[in-house]
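Asks: Dumping the structure here so I can ask a few things about it.
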Amino acid sequence: MISNQKQNWKIKIHEVIYEADTPSGKLFDILLLIFILVSILLVMLESVVSIDEEYHELLYIGEWVVTILFSIEYILRIISVKKPFKYIFSSFGIIDFLSTIPMYLSFLFVGSQALVTLRALRLLRVFRILKLARYLGASNHLKASLVASRVKIMVFLFAVMISSVIFGTIMYLVEGEASGFDNIPKSVYWCVVTLTTVGFGDIAPQTPLGQFITTFIMILGYGIIAVPTGIVSAEYVRAGRKTDLGTDATENEAIEAHAYKDSNKPSDNIKLHLNSQHCSNCHASDHRDNADFCYNCGNQLHH
C-alpha cells in the first residue's frame, strides 16, 4: 500500500514537471519560464552599479529565492524518473545543473553568481511548451550540413590564413612602422580585420600602393564571406533532399519506407498528432496522442 502511494506520488510529480499537455504541467512550465526570466533580470540589474548600491540586499535575496526553487525542482526531476542518471547527463539535465550551482559557488569564488545568466539556456524549454519540437528537424539538417562541409571549410580557412600572412607581410614591407604596421603579426591582424570587412580603423595604409592593395583585399573579403555560405547552403539543400526523398527513391516511396521501418516512432514525413509526454524510463518525448507505450523503450505511459 505504501509502495503504491509512493509510486503514485512520483507519477504525479513526473506529470507536473515533464508533461506540458496537462493543465498542471503547462502551468508549471509557464511559471518556470517566468522565474528564469526574473532570475536573469535580477543579475542584469545587479550589474548596474547605481541600482545595486540601492537595492543590493533585495536583489541578493531574490537570487537566492530563485536558486532554492530551482534546486528543489532539480531534485524533484531526479527522483521522479526511473533512471536518474539518464536525466542528469542529458542536455537539459546538464543545463539545469549549471543554472543552479553558480550561487552556491559564490561561497567559494567571489563573483561567480554572475554565471546564473546560464539560466537563459533553460528558455529552450519553450519549444516543448509551445509544441515546436517537431520543427527542430531543420536544425538537424543544419548540423548535418556543417559536418558534411567541414573538410571544404577547413581547406578554405587554411587558404584564408595563408593569404592573410602573405598580404600582411606585403603591407608590412610597403607601409612600414610609419603607418602603424610595426611588425608582421600586427600587419596580419590588420589583414584579417580588413578581409572580414570589419575595419576597426586603428591601422590604415598611407601610401598609394598600400591603399591599392587594401582595395584589392577588401573586394576579396566580400568573396571570402560568400564562399563558406555557399558551401554550407549547398550541403543544407542536399541534406534536406535526402531526408525528404531518400537516397535513390521517390518522395512517396521514401515516406512509405520510413513508415514501414518504424511504424511506432513519429516520422517527420507523416503528419501525426503528437504531444509532449515524456517517458519516465528513457525520457523520450513527442509520443502520439493516446499512445499507451513509449515508442523508444516500450515502457507504459501514464495518462
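Asks: Any idea how many residues of the range 47-70 are out of contact with any Phe, Trp or Tyr (no Cβ under 7 Å at 6 or more places or on another chain), of a type outside the set (Phe, Trp, Tyr), buried (at least 16 other Cβ atoms within 10 Å of the Cβ) and within 30 Å of residue 12 (Cβ to Cβ)?
Replies: Residues that pass the stated criteria total 3.
Asks: Determine the pairs where a residue that is under 20 Å from residue 238 (Cα atoms), located within the range 147-163, has a partner that is of a type in the set (Lys, Arg) and surrounded by 12 or more Cβ atoms within 10 Å (Cβ to Cβ) with Cβ atoms under 8 Å apart, the partner being 6 or more residues away or on another chain.
Replies: Every condition considered, the pairs that remain are 148/238.
Asks: Right, another one. Across the range 12-24, what is the total count of residues that are touching a residue at least 60 places away in the same chain (Cβ under 8 Å) and closer than 20 Å to residue 71 by Cβ?
Replies: Residues in the range 12-24 being touching a residue at least 60 places away in the same chain (Cβ under 8 Å) and closer than 20 Å to residue 71 by Cβ: 4 in total.
Asks: Considering only the range 131-173, how many residues are at pLDDT 85 or above and of a type in the set (Phe, Trp, Tyr)?
Replies: 3
Asks: Now a separate question. (1) modelled with pLDDT of 90 or more; (2) surrounded by 15 or more Cβ atoms within 10 Å (Cβ to Cβ); (3) in a helix (DSSP H, G or I): which one isn't true of residue 215, the others all being true?
Replies: Every condition holds for residue 215 apart from (2).
Asks: In the range 1-14, how many residues are under 16 Å from residue 83 (Cα atoms) and either surrounded by 12 or more Cβ atoms within 10 Å (Cβ to Cβ) or at pLDDT 70 or above (or both)?
Replies: Count: 4.
The values are calculated or read from the model by the stated rules, or taken from the named source; none is laboratory data. As the structure is a prediction and not an experimental result, all values here were calculated from the model. Because the Cβ atoms are built from the backbone with ideal geometry, glycine has one as well, and the counts that use them run over all protein chains shown.
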